[in-house]
Structure formats: C-alpha cells, structure tokens
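Just below is one structure, and these are the notes that go with it.
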C-alpha cells in the first residue's frame, strides 16, 4: 500500500474524495493542466475506465479490488 | 473508509488515474506499460524498512525522553537530598553557634562576677590601707604630742631651775 501512498495523483484523488468532491469535476480540473486526461469523456467515468483498461490490457475488476483494498486499509 | 465511499463514480475515477498515471509491479493486473510507475516490492520493502526505522527512532526518542525524565527526577531527588543536608548542616551550625553564644555569655557572666568580686576585694584592701595609713598618722601625731609634752615638761623644769637660780623671770 505504500506504493499508492507514494503516487501523488492517487493521493490527490483520495483527498478530493474525502472532501466530498465530485469525481468528474475533479478529473475535469486535472484535465485543464494534464494532457493525459484531455480528450477523455469525463462525464461517463465508468465507460472511460472500461475503455482505458481494455486498451491497456488491464483487468479492471482486479485493479478495482486492489484500489478498494488500499482505500479500506487507510 | 468502506466500499460505499466509492459511490458516485470515485472507483472509476481511481481506475482512470491508476491506468493513466499508475504502474505495475504489485499485481495490478500485470506488468504492462499502463501500470508502469507504481512501486516495486523492493520499494515496498524499503518503505517498510523505513517505517521500521522510523518506529525504532521513535522508540529511541521515547526512551531518551524517559531517560531524560528519569535523569531529571534523579537530579531533583539529589538536589532535594543536598538541600536537606544543607539545611541539616545549617541547623547544626546554628545550634552550635547558640551553644557557643550561651557558653560565651556564661563565661562573660563568670568574668563579670569575678571582676565585681575583685573590685570588692580591692575596695576592702584599699579601705584597710587607708585605715592603716590613718592609724600610722595617728601614731605619729601621738608620738609628736608625747614629744611635745616631754619638751614642755623639760622646758618647765628648765624654767623652774633657772628661776631658782634667779636668772629667769617668768612672763
């Protein structure tokens, strides 16, 4: 879990989530300064996440479990 | 933080972030390029070791604090003992001084009594001397009186004899 703590983007998202921010708004704000997020459909996060996982050959459910595990450990 | 925390699409936001900005190495679905950037097991072990070191440092700091506290307590206790000893010494010194003062006062009283007695004796002695001197003077006067009386007697006898011889006319 220490590796996730060391990722500034993950930690920034954790902070936004704990403050009760809207995830789409959070990513849209990030997209203003980060080219990796630009061009994505940030109003449909589920569809975008699935598409990115498929494109990068990532098992979305497994990765989601890992993220939940990390969050639950906090 | 439970799974309910991910309601509203946060889990998908994390998935997007993990795929775009995260990395593999921890079983996040394989060591593909999209997962590059996450820590390796070596990084995790290093972090754990670092955490262990931090805990050890914390324990050392706590131990040091305890030692400092115990040292302060010991110093405080020793200071208290020294203060008590100093107070005891001071009390003993005061008592000794009081005893000495009492002894000196007693000595002075004794000396004063002896001086007074000596003064009395001197006065008595002086009185005796004066008396003796007066007695001597009285004896001298008496002797002078006797001598004068003898002289008068001799003069009277001389006048008588001279008158008998007709060479003396009484006034």
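The values are calculated or read from the model by the stated rules, or taken from the named source; none is laboratory data. Not measured: the values here are computed from a predicted model. Backbone-built Cβ (ideal geometry, glycine too); neighbour counts: all protein chains shown.
Going by the structure shown, is residue B:73 in contact with a helix residue (DSSP H, G or I) (Cβ under 9 Å, 6 or more places away or on another chain) and either in a helix (DSSP H, G or I) or surrounded by fewer than 10 Cβ atoms within 10 Å (Cβ to Cβ) (or both)?
So residue B:73 does not fit the description; no.
When residues of segment A:47-64 are filtered for being facing chain B (nearest Cβ under 8 Å) and closer than 19 Å to residue A:10 by Cβ, how many remain?
Final tally of qualifying residues: 11.
Select, from B:13, B:18, B:109, the only residue that is at pLDDT 90 or above and within 16 Å of residue A:70 (Cβ to Cβ).
None of the others qualify; the one that does is B:13.
Among the residues of segment A:51-62, what is the count of those that are part of a helix (DSSP H, G or I) and touching a helix residue (DSSP H, G or I) at 6+ places or on another chain (Cβ under 6 Å)?
Qualifying residue count, segment A:51-62: 3.
What about residue A:17, is it farther than 13 Å from residue B:18 by Cβ, at pLDDT below 90 and in contact with a helix residue (DSSP H, G or I) (Cβ under 7 Å, 6 or more places away or on another chain)?
yes
Here are some residues: A:8, A:23. Which one is within 7 Å of chain B (Cβ to nearest Cβ) and either under 30 Å from residue B:49 (Cβ atoms) or modelled with pLDDT of 90 or more (or both)?
Numbers: A:8 fails: within 7 Å of chain B (Cβ to nearest Cβ).
A:23 is the lone residue from the list that is within 7 Å of chain B (Cβ to nearest Cβ) and either under 30 Å from residue B:49 (Cβ atoms) or modelled with pLDDT of 90 or more (or both).
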